[in-house]
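The block underneath contains the structure these notes are about, expressed in structure tokens.
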Amino acid sequence: MDFTLDETQQDLRTLTKDLADRGEEALREAGVLGICLPEPAGGAGLGPVEMAVVLREVGARALPALPILTSTLTIATYGSAAQQERLAAARVAALALDDPPGSPPTTARDGLLTGRKRGVPYGERADVVLVAADRGLYLVDGPVRAIPEFTSTGEPSATLVFDGTPAELVTEDTGGARRIFAAAVAAQASGVLAGALELTTGYIKTRRQFGRALAEFQAVTMQIADVYVASRALDAAMWSAAWGLDDKDVAIAAFHVSEAFRALFTCQHLHGGLGLDVTYPLHRSFAHAKHLAQSLGGADAQLDLIGALL
């Protein structure tokens, strides 16, 4: 499959790079976070590949996750025009998919939700929340009762509690929302690893040890080559997932997210003590890679899913 970006996608990548260097607020003000909404709702009607283009550049700079981008694509794909307009008006949107281990599944009865969702990024601040329940995907207006959680990146996260909370059905199929979420995580992780690889490559070219640049040592070149291979593998899997949103392709991309986290250990090792310095950019990349890998359940969970799909 040819994953070459078309002119619009390349322009979007260039724009996102420029805006991401200025921070999340610049992306929001430029309307980039709403590009997946249809034009009547104020968006550009773009799809999962364009979402991946944006999130990869966000990841390369180790910026916080942008759940509103994933939520807008989900609503654009499955929601009504009125639901799309509600999301367009939201400043913060969240996607709540996972029930806490051992707890009863979230249920929907007569338009009311009961249950809990764990690890919801920006859940406490969200104006609207998309919630997966036993009978489909539902749209809930915030604020929702939230129990704050801690994340490796320092980003806000929460367990959301629904106790007869009014909700509106978006679609009876939650599989599509889960595929979009996993593809979005893979796109951001791809950027995180690419950014860490660029940072580490520059470091070993200039850092000298025993009178030579680190890049001149064979052991170092072999290790950075392993990181490059992991980055290219994640890139290929991620673009395949974004282009088709096929169950198997998405699961493979999610597996490579965990492999990317392992590659960050090598980047830290090649930096020596500097890699652990919280004032140095690599620390943010490592934290984001860990957070993204955990949000998909880890490599073993994805291998189980791939096996079932095969």
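The values are calculated or read from the model by the stated rules, or taken from the named source; none is laboratory data. All figures in this text were calculated on a predicted structure; none of them were measured in a lab. Cβ placement follows ideal geometry from the backbone for every residue including glycine, while neighbour counts extend to all protein chains displayed.
Could you tell me whether E149 is outside the structural domain of H291 (by TED's automatic domain parsing), touching a helix residue (DSSP H, G or I) at 6+ places or on another chain (Cβ under 8 Å) and either among the acidic types (D, E) or closer than 27 Å to D99 by Cα (or both)? For E149, the condition - outside the structural domain of H291 (by TED's automatic domain parsing), touching a helix residue (DSSP H, G or I) at 6+ places or on another chain (Cβ under 8 Å) and either among the acidic types (D, E) or closer than 27 Å to D99 by Cα (or both) - is not met. For the range 68-84, the set of residues classified as surrounded by fewer than 21 Cβ atoms within 10 Å (Cβ to Cβ) and of a type in the set (V, I, T) consists of T77 only.
Test R232 against the stated conditions and say whether it is of a type outside the set (A, V, I, L, M) and either crowded, with 19+ Cβ neighbours inside 10 Å or modelled with pLDDT under 95 (or both). No: the conditions fail for R232. Candidates A146, A133, A158: the one that is within 22 Å of A62 (Cα to Cα) and of a type in the set (A, V, I, L, M) is A158.
Restrict the check to the range 85-108 and report whether at least one residue is under 18 Å from A241 (Cα atoms) and either surrounded by 20 or more Cβ atoms within 10 Å (Cβ to Cβ) or modelled with pLDDT of 90 or more (or both). Looking for residues that are under 18 Å from A241 (Cα atoms) and either surrounded by 20 or more Cβ atoms within 10 Å (Cβ to Cβ) or modelled with pLDDT of 90 or more (or both), one finds none in the range 85-108, hence no.
Scanning the range 128-154 for residues that are more than 22 Å from A88 (Cβ to Cβ), in contact with a strand residue (DSSP E or B) (Cβ under 6 Å, 6 or more places away or on another chain) and not in a strand (DSSP E or B) turns up D134, R135, R145, T151. In the range 1-30, the residues that are touching a residue at least 40 places away in the same chain (Cβ under 8 Å) and farther than 19 Å from A65 by Cα form Cβ pairs under 9 Å with partners that are among the aromatic types (F, W, Y) and surrounded by 14 or more Cβ atoms within 10 Å (Cβ to Cβ), at six or more places apart or across chains, as follows: M1/W239; M1/W243; F3/W239; F3/W243. Here T221 passes the criteria (1) of a type in the set (S, T, Y); (2) crowded, with 19+ Cβ neighbours inside 10 Å; (3) at pLDDT 95 or above except the one numbered (2).
There is at least one residue in the range 216-235 that is free of Cβ contacts under 8 Å to residues at least 12 places away in the same chain and either on the phi > 0 side of the Ramachandran plot or of a type in the set (K, R) (or both).
Of A215, A189, which residue is farther than 30 Å from L310 by Cβ and either not assigned by TED's automatic domain parsing to the domain that holds V131 or not small (G, A, S) (or both)? Answer to the check: A215.
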